[in-house]
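Peer 1: Questions regarding the structure given below will be posed in turn.
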Amino acid sequence: DSMSLVAPPTTTPRVVIVGRRGGDMDLVQMPASTWIQRALEVTGMQPQEIDPASLALRPPIDAETVIVCRPDLLDAAGWSWLGQFVRDGGTTLLMPPPDGSSQAWMSELDRSVGVALRVEDRTVDALVRLAPRQPRSPFFALLGAELDALAEPVSMQRHVRLVPDTSR
């Protein structure tokens with residue numbers, strides 16, 4: 001027998017989002033930083049947003065977590081601040097640039113933070129698809145005979161896993 005109690009947090013986590021805010025954009029053109037900010041605000045958090053170019057000039061003082069939505073836009077001073085933040089025990093989440101450009105910022109991450117990463121030897125190819133036979137709910141009944149053709153896979157993704165490089 002055991003008893004447990006879940007206590008609500010007494011403070012709200014302090015989150016900083018490093019990204020570029022767009023002007024008035026529709027939902028399709030909205031940057032990742034805005035999506036993340038909206039998702040966090042729903043939970044009651046009030047994340048602070050900082051432009052990548054000003055991270056080292058106006059560093060957040062009491063941040064616990066830093067989410068970097070555009071690491072390709074950080075300058076050397078920003079990487080230096082981020083490296084010290086991680087070494088001091090801060091949590092950092094990095095997102096690749098949305099355009100799929102080369103990840104030249106990985107060498108900056110290695111240099112400033114000291115985390116050497118390599119691509120795992122195996123890659124996983126995954127087809128994402130619905131089950132072959134979908135339940136006939138009222139929603140799916142609208143699609144009728146086209147449902148089976150629409151449930152076929154439409155794209156393939158390759159997942160590359162980054163793991164710590166222990167060869168150093």
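None of the figures in this text is laboratory data; all of them are computed from the coordinates on show. Bear in mind the structure is a predicted one, so any value in this text is a computation, not a measurement. Cβ coordinates were reconstructed from backbone atoms using ideal geometry, including for glycine residues, and neighbour counts include every protein chain displayed.
Peer 1: If a paramagnetic tag sat 7 Å from the Cα of Ser4 along the Cα-Cβ line, which residues of the stretch 34-60 would have the backbone N under 15 Å from that point?
Peer 2: No residues fall inside that zone.
Peer 1: So, counting K/R as plus one and D/E as minus one, what does the shell of residues with Cβ under 13 Å around Trp81 add up to?
Peer 2: -1
Peer 1: Across the stretch 11-17, in residue order, what do the Karplus-derived ³J(HN,Hα) couplings come to in whole Hz, using 6.51 cos²θ - 1.76 cosθ + 1.60 with θ = phi - 60° and x for Gly and Pro?
Peer 2: Each residue's phi maps through the Karplus curve to give 10, 8, x, 9, 10, 10, 10 Hz.
Peer 1: Let me ask you something else. How high is the relative contact order of the stretch 22-97, in percent, counting Cα pairs under 8 Å that sit 6 or more residues apart? Intermediate values should be presented prior to the final figure.
Peer 2: Working: 62 pairs, mean separation 22.7, N = 76.
After rounding, I find 30 percent.
Peer 1: If Lys and Arg each add +1 and Asp and Glu each add -1, what is the summed charge of the other residues whose beta carbon sits under 12 Å from the beta carbon of Glu108? Write down the numbers at each step before the final one.
Peer 2: Details: positive: Arg111; negative: Asp72, Asp75, Asp110.
Taking every Cβ under 12 Å from that of Glu108, the sum is -2.
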